[in-house]
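The values are calculated or read from the model by the stated rules, or taken from the named source; none is laboratory data. None of the values given here were measured: they were computed from a predicted structure. For neighbour counting, all protein chains shown are included, and Cβ atoms are generated from backbone atoms with ideal geometry for every residue, glycine included. The protein model used for the area step is the full one, side chains on, heavy atoms only, and it has no ligands, DNA or RNA in it. Shrake-Rupley method; radii C 1.70, N 1.55, O 1.52, S 1.80 Å.
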Amino acid sequence: MTALSGSHTIGQAQCFTFRSRIYNDTNIDPNFAATRRSTCPVSGGNSNLAPLDIRTMNRFDNIYYQNLMTRRGLLHSDQELFNGGSQDALVRTYNANNALFFRDFAAAMVKMSNISPLTGTNGEIRSNCRVVN
């Protein structure tokens, strides 16, 4: 998951997905939070966009991990990868070694593509991913 989360080096997120982080979390760079608050008010603006990677938002690279190390992960779930836990060492490794990140990311994508989803009566397409139909 730590390698796959590196896909957040590109793309954007809507305000409602990171609002709680920029207003409530304590493991966030205060300047980064202030910048994000300028386009994501306490209420409203749910669809306002912010880049997942503030430095190289249109390039697939390992800067995402540097962002985590400086407490600039946009999503709460991203910052949890570097928050004094078991994945800190791997985040540091990917930050220092772009080639290793690329290799592990590719391997994780291939592994994920080999997952056989449940289909027919064995599976379920959820209208809300967080709730069983």
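Things worth noting here:
- Remark: pairs (first residue in segment 102-130, over 24 Å from residue 91 (Cβ atoms); second residue open to solvent by 100 Å² or more (accessible area, probe 1.4 Å) and not in a helix (DSSP H, G or I); Cβ separation under 6 Å; 6+ apart in sequence or on different chains) = 124/133; 126/133.
- Pairs linking a residue in segment 55-72 that is free of Cβ contacts under 8 Å to residues at least 12 places away in the same chain to a residue that is part of a loop (DSSP other than H, G, I, E, B) and crowded, with 22+ Cβ neighbours inside 10 Å, with Cβ atoms under 8 Å and 6 or more positions apart or on different chains, do not occur.
- The residues of segment 92-133 that are open to solvent by 100 Å² or more (accessible area, probe 1.4 Å), farther than 26 Å from residue 80 by Cβ and either among the β-branched types (Val, Ile, Thr) or in contact with a helix residue (DSSP H, G or I) (Cβ under 9 Å, 6 or more places away or on another chain) (or both), listed by number, are 121, 125.
- So residue 50, is it touching a helix residue (DSSP H, G or I) at 6+ places or on another chain (Cβ under 6 Å), open to solvent by less than 70 Å² (accessible area, probe 1.4 Å) and either at pLDDT 95 or above or more than 21 Å from residue 4 (Cβ to Cβ) (or both): yes
- Selection status of residue 115, among the β-branched types (Val, Ile, Thr), more than 15 Å from residue 1 (Cα to Cα) and not in a helix (DSSP H, G or I): no
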